[in-house]
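Reviewing the structure listed below.
The values are calculated or read from the model by the stated rules, or taken from the named source; none is laboratory data. The shown structure was predicted, so the numbers you read here are calculated from the model rather than taken from an experiment. All Cβ positions, even for glycine, are placed from backbone atoms using ideal geometry, and neighbour counts span all protein chains on display.
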Amino acid sequence: MSENVGQNRLLSLDVFRGMTIAGMVLVNNPGTWSAIYPPLQHAEWHGTTPTDLVFPFFLFIVGISITLALGKRVEAGGINREIYLKIFRRSLIIFALGLFLAIFPFYNFTKGEWFDFSTLRIMGVLQRIAVCYLIASLIFVRTSWKQQAIIAGSLLLVYWALMTLINVPGCDATSFNDKACNLAAYFDRLILTENHIYKTAKVFDPEGLLSTVPAIATTLAGVLCGHWLRREKNDNEKVRAMFFFGVTAMAFGWIWSFWFPLNKPLWTSSYVLYTAGLALCFLGFCYWLIDIKGYRKWAKPFLIFGVNALALFVFSGLLSKLMGIIKVGAGEDGKSISLQGWIFSSIFLPFAAPINASLMFAVSYILLWLFLMWLLYRKRIYIKV
């Protein structure tokens, strides 16, 4: 549906959301997966790259949005059946959109077969966002900020204890260095089964079930930040607090990583603290630069992305899949080549080394979507669910 964006929105939050979703689309659409600069790839296992910051930043933003959208109603005691239905409806739609992207294009034109639902990946990026939004929203409307902080901390401690103390059946020892012999991976294989997890990972799902528990804590960290932003405080005081708590969370996350490594696929508790701290600092900088100092012109492209973030993610994903299945001829080996492969090899590859051509393709893809999202923005069309 379409709706007008109110004038009292937090501009820096929209810009932060826009930068995050732009980063997500950028890293998901290289010209070729065989030539990518390391910062635009996920860490192979332990550790973080800039790419590993994108998803937790987005969940953090989801948490802030929950507080800003529902805060006044909670304070006024206006949480009723209609609000609960809206929360469940929104969660269901986002989850369904994730499944839709997993199933699309429904028919394999190369093999001449319809999609095999026995191999459907149940979890995914949008599915995790839906679950985190649902649970964090329900916690928000039923608890105080102190209780929310306790719940977030408890989730991290419980997850750490489960991952550390419980041995995985069939493994000599549980190890965070082993992609298969950890409880989160075992849980995915047990509940989702190997037919319904991420096929590239094979033995675990990077958006799996148990690892969604600490992801909820990431969302609650955003909820807590939203409480602070809503307070009647001096703007500079808000910024100082965001940097203080951001640096503190990063420090605690880094220290914890010596026992519970930073790891995005496992969404470890140390990773939650570290990335939430970075998100706080990043938002604090955007808040200071945009909302306090008024430097806004540079941020217009990200604002355009930010007010239609979900639409950008879904539509760019659909177009990417379409370019992958549409065949336009044969390559040098005589095999059919996709539209995406033809564009990359014919337009970008002749002008640069593969790794630079791959980046040029990704940047061009972002610029294409900036134009398309600008068409919506200039008509004041904001697609929400």
Only one of (1) without any contact (Cβ under 8 Å) to a residue 24 or more places away in the chain; (2) of a type outside the set (F, W, Y); (3) more than 25 Å from Y133 (Cα to Cα) does not apply to V239, and that is (1)
Going through segment 105-125 in order, the residues found to be touching a Leu at 6+ places or on another chain (Cβ under 8 Å) and either under 17 Å from T193 (Cα atoms) or modelled with pLDDT of 90 or more (or both) are L120, I122, M123, G124
Of the candidates L126, L162, the one satisfying the condition of being touching a residue at least 60 places away in the same chain (Cβ under 8 Å), under 24 Å from T219 (Cβ atoms), of a type in the set (A, V, I, L, M) and not in a loop (DSSP other than H, G, I, E, B) is L126
Over segment 229-238, the set of residues within 22 Å of A152 (Cα to Cα) and touching a helix residue (DSSP H, G or I) at 6+ places or on another chain (Cβ under 6 Å) is R230
Checked against (1) without any contact (Cβ under 8 Å) to a residue 40 or more places away in the chain; (2) within 21 Å of the chain's Cα centre (by Cα), K300 satisfies every condition except (2)
Taking segment 336-374 and keeping only residues that are loosely packed, with under 15 Cβ neighbours inside 10 Å, at pLDDT below 95 and assigned to a helix (DSSP H, G or I), one is left with S346, I347, P350, F351
Check: For segment 147-155, does any single residue satisfy the condition of being part of a loop (DSSP other than H, G, I, E, B) and surrounded by 15 or more Cβ atoms within 10 Å (Cβ to Cβ)?
Finding: no
For segment 366-385, pairs from a residue that is in contact (Cβ under 8 Å) with a residue 24 or more places away in the chain and over 17 Å from G23 (Cα atoms) to a residue that is of a type in the set (D, E) and surrounded by fewer than 17 Cβ atoms within 10 Å (Cβ to Cβ), with Cβ under 9 Å and 6 or more apart or across chains, are I381/E3; Y382/E3; I383/E3; K384/E3
State whether the residues of segment 72-90 include one that is small (G, A, S) and in contact (Cβ under 8 Å) with a residue 12 or more places away in the chain. no
Does L40 count as more than 19 Å from W267 (Cα to Cα) and surrounded by 13 or more Cβ atoms within 10 Å (Cβ to Cβ)?
-> no
